[in-house]
1. Find, among the trypsin sites (Lys or Arg not before Pro) in the range 212-297, those assigned to loop by DSSP (not H, G, I, E, B) with at most 13 other beta-carbon atoms within 10 angstrom.
2. Go ahead and set up a Gaussian network model of the chain, Cα springs under 10 Å, then flag whichever of MET22, MET250, MET80 fluctuates most.
3. For the chain, with a Gaussian network of springs between Cα atoms less than 10 Å apart, report the residue from THR67, THR194, THR30 with the top mean-square fluctuation.
4. How many angstrom lie between the C-alpha centres of the range 143-165 and the range 99-129?
5. Tell me, what is the FRET efficiency for ALA139 and ASP7 to the nearest 0.05, using R0 = 41 angstrom and their Cβ-Cβ distance as r?
6. Given H placed 1.01 Å from N in the peptide plane, which residues other than close sequence neighbours of GLY264 have an amide H under 5 Å from its amide H?
7. Amide H of ALA191: which non-local residues (sequence gap of 5 or more, or other chain) have their own amide H closer than 5 Å, using H built in the peptide plane?
8. Which whole-Hz couplings ³J(HN,Hα) result when phi for each residue of the range 137-145 is put into the Karplus expression 6.51 cos²θ - 1.76 cosθ + 1.60, θ = phi - 60°, listed in order with x for Gly and Pro?
Amino acid sequence: TTHDDVDADETLQARPPVVTIMGHVDHGKTSLLDALRGTDVATGEAGGITQHIGAYQVTLKSGDKITFLDTPGHEAFSEMRARGANVTDIVVIVVAGDDGLRPQTIEAINHTKAAGVPMIIAINKMDKPGSNPQRVREALLQYDVQVESMGGEVQEVEVSALKRTGLEELIDKIQLQAEILELRANPERAAEGTVIEAKLDKGRGPVATILVRRGTLRVGDVFVVGMESGKVRAMVDDRGQQVKEALPSMPVEVLGLTGVPHAGDQLSVVENEARAREVAEYRQSVATAKRTTSAPA
Ligand code: GDP
């Protein structure tokens, strides 16, 4: 497939899909993200401790993994896309069955179509007596979204994030879609990734959640990210555990940056610190030149 093809075919291995959940406010994005997180073998059994780093990965009973971005704002999605960072492989659009299509549902559909990313429709709140999934399916036709039961090709599933029903079916559909997309990356090369979120942490300094796109990111790796650079001092996963390496599609919080990068910035591992500083300084000078030339005389 498209963006995975920078490496030679024989180096590519299957990677987990990266999924974003979008939908109208109060239709259940957060609840669904929580419910899906509970399907993780470790989290589910032990009621494991989770950490908000902007994305998390679940490991299914089969051993397969799925990454969910848990910054469900449309803004984050649009901003990342504007920066050329199309990190999402699949969008799940949540529609409350009792409320139907609302402005942000339509916006989510439009964003997803514009990004050329396949969508899965999750009709939520099926436990509510007022839920009317058929009305949702019919309304979707007006926006050129034809779900399977209406003779179309867009996958659909009825769920209740509250009662935790339909989740396995949703996961099956995500995996089916992932298979169709043939998502692959070369885990052996120098790592590249995308900033999901970043902040200045009081105790730890600048930290950024990186979603690894290709290669394996390791402690000690030297990198450039946007106009910043650094050397991976430590990495923390979505359970707050320190990890030594991160494979494609895995989100990790990275410590050891010179400053705070922007969501959507690309991280690239480079040979050495001199090279990292050189690239970062060049990028800073370009940005300064742009600001100077675009300033009014
Ligand atoms: P978000 O704004 O899209 O993130 O929506 P939330 O996940 O915060 O949910 C909004 C409200 O709907 C909360 O009060 C949830 O408890 C409730 N809710 C979410 N999913 C369900 C569901 O499947 N059934 C019912 N009955 N309520 C739900």
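1. Those satisfying the criteria are LYS244.
2. MET80
3. THR30
4. With the range 143-165 and the range 99-129 each reduced to a Cα centre, they are spaced 9 Å.
5. Using R0 = 41 Å, I get an efficiency of 0.45.
6. VAL195, ILE196
7. Counting only residues 5 or more places away or on other chains, the set is THR216, VAL269.
8. Calculated HN-Hα couplings, in order: 4, 5, 5, 4, 4, 4, 10, 6, 10 Hz.
Rule-based calculations on the coordinates, nothing more; no lab input. Here the structure is a predicted model, which means the values were calculated and not measured. Cβ: placed from backbone, ideal geometry, glycine included. Neighbour counts: every protein chain shown.
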